[in-house]
Structures are given as C-alpha cells and as structure tokens.
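Novice: Encoded as structure tokens, here's the structure I'll be asking about.
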Amino acid sequence: MSNGVLVDVTKCIGCRSCVTACKSWNDLPDRVAQNTENWDVPLQMDSDTWTQVNYNLVGQGTQRKWRFVKRQCMHCEEPACESACFTHSFVKTKEGAVIYKPTDLNQDYCVGCRYCMIACPFDIPKFQYEERFPYVQKCRFCYDRMTDGNKRPACVSACPTGALKYGEKEALLAEGWKRINGNAQYVKHVYGEKEYGGTSWMYISDVPFDQLGFKVNVTERSIPSYTWQVLKWTPYIFVGWGALLTAMRLYTKGKSVAHDEHEMYGPVDPK
C-alpha cells in the first residue's frame, strides 16, 4: 500500500511544530530554538533542515492574507533522484517513501556526486558541505515510523490544526477532491496529483499555487520517462561510435603505413 500526505494550506497557521518534530525525531540540529529573535524569517531547507514552512502574503488591499506552506521532499511516484543516482542509493519503497536503500537507513551507497540534486524538479536534496565525509540529505518520510505499525510521520503527528493528513494515497486524493468540490473557496486543483508523474505529498489551497511558490504549468510526465527516451538509444550510440572510431583508426593507420613506406622507399613510380 502506497501512503501519502494531504496538505490543506487553509488550515496551516505557520507554527512550525512540524519543523521541530522533524528535527527531534531525526536527531537533527535544532536551530529553530536559536531563531526566536527572527521568528518571521523561517529556516531554509538544508542538510540539517528537511522540512520548512514558507510564509506568503497574498492578495491585494483589504483582501491580503497570510498563507503558510510546509515544504519537504515530495516523494515522487517515479523519482528523478533515483533515476539519476548511478550507485542506486535512492529507492522508491512500496510504502511511498523515497529513501536511501534500507540498510538501517545509513548512506553507505552515496558517493556525494550530487546528480540527484541536479535532477530533482523540486530542488529538495541538500549536500552536507560542512562535513568531512558528506552525504546528500532530505526528508525520509519517517520511513522507520511508517514501517513500525504504519505510524504517522512525526510532522503529521505534531500538527495542531489537522493541516496534514496521512493515509493511503488514493484515499487522500479522493478526500482532497471531496473538500474541493464541497467548498467553493478551494482552487480546483490537487497539486501533486499529476505534477511530474504524481507525488506522495499532495496539496489543496484557496490561493493559486503559483502565488505560494509552487512550480506550475509543469509536465505531467515523470522526469525518468524523459531520460529513458534518451538512454534507450545508448546501446546504438555506443555501437555506432565504436564503429566510427574503428574506421577512423583504420584510416589513420593506413595513412601512417603509406607515409612510412614513402619515407623508406621514396615515391612510388605510378608506372
């Protein structure tokens, strides 16, 4: 069963309990407590911050209002990070999480090439630049909790307003559309249903998603589906390139032999 999270932007109050819960459960440095003097400047996502809450002031005049959006790895159905990783460090689990290969959740396979960072359409994976032996880090969807009695992710459990709902993805998608169709305030769109082939984290909102910092008008095809369109030609390119190099080698070798014979015997009499 593939699980997901439905995020209702209209219910988020920007308290950042999800950020603190994420750091606590994953033993990440808690700079939230150190940021109390600049509470209106949320932490940005990095190798030690796997979830963030963005503040957005939308609308005009008397219609202006705040909207807060939790962001983290979207856990794509067909992850670009998995496709780009030549060591196959990332995997998409049947439960819905995109994680490092399940070897007690360590990163033995990662070599720090950062191809996953380039491939991700949501700009999520972050590199441990300050570490001596760095890895790429990102939200793991609390996979350890997910596989321990299907417990909710730490961020979901910490949300005081019910803005985050965890469950089976198809049921959440149906719930999202039920809310949208039952309330005219919502935008007629579930973000993550089709974007880049679909994601495990899905959003509904009363504000257009482009005003909340989401990438809109994007492809509904997964990133790997594009790369495979190119990679499928690799064997033919390899064979063709090999044949071309072989032909060039034979040609230059023939020219070299002719030059050596000319140097040794002089010009050949055409008669």
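Novice: Collect the residues in the range 117-157 that are closer than 18 Å to Pro29 by Cβ and not in a loop (DSSP other than H, G, I, E, B), keeping them in residue-number order.
Specialist: Within the range 117-157, Lys126, Phe127, Val136, Gln137, Ala154, Cys155 qualify.
Novice: Could you pull out the residue among Gln229, Gln211 that is of a type outside the set (Lys, Arg) and at pLDDT 95 or above? Before you say what the answer is, go through the steps one by one.
Specialist: Numbers: Gln229 fails: at pLDDT 95 or above.
Sole residue among the options that is of a type outside the set (Lys, Arg) and at pLDDT 95 or above: Gln211.
Novice: Can you pull out the residues in the range 83-103 that are surrounded by fewer than 21 Cβ atoms within 10 Å (Cβ to Cβ), outside any loop (DSSP other than H, G, I, E, B) and not hydrophobic (A, V, I, L, M, F, W, C)?
Specialist: Lys92, the sole residue that qualifies.
Novice: Still on this structure, I have one more. Among the residues in the range 171-184, are any modelled with pLDDT of 95 or more, of a type in the set (A, V, I, L, M, F, W, C) and touching a helix residue (DSSP H, G or I) at 6+ places or on another chain (Cβ under 9 Å)? Break it down into steps so the answer makes sense when it comes.
Specialist: Step one: filter the range 171-184 for residues modelled with pLDDT of 95 or more, giving 171-184.
Subsequent filtering for residues that are of a type in the set (A, V, I, L, M, F, W, C) retains 171-174, 177, 180, 184.
Then drop every residue that is not touching a helix residue (DSSP H, G or I) at 6+ places or on another chain (Cβ under 9 Å), which leaves none.
No, because not a single residue in the range 171-184 is modelled with pLDDT of 95 or more, of a type in the set (A, V, I, L, M, F, W, C) and touching a helix residue (DSSP H, G or I) at 6+ places or on another chain (Cβ under 9 Å).
Novice: Asn150 - would you say it is in contact (Cβ under 8 Å) with a residue 24 or more places away in the chain, assigned by TED's automatic domain parsing to the domain that holds Trp25, surrounded by fewer than 16 Cβ atoms within 10 Å (Cβ to Cβ) and over 20 Å from the mean Cα position of the chain (by Cα)? Write out each step before concluding.
Specialist: Values: in contact (Cβ under 8 Å) with a residue 24 or more places away in the chain: yes; assigned by TED's automatic domain parsing to the domain that holds Trp25: yes; surrounded by fewer than 16 Cβ atoms within 10 Å (Cβ to Cβ): yes; over 20 Å from the mean Cα position of the chain (by Cα): yes.
Yes, satisfied.
The values are calculated or read from the model by the stated rules, or taken from the named source; none is laboratory data. Because the structure is a prediction, the values reported are computed rather than measured. Cβ atoms come from the backbone with ideal geometry, glycine included; neighbour counts cover every protein chain shown.
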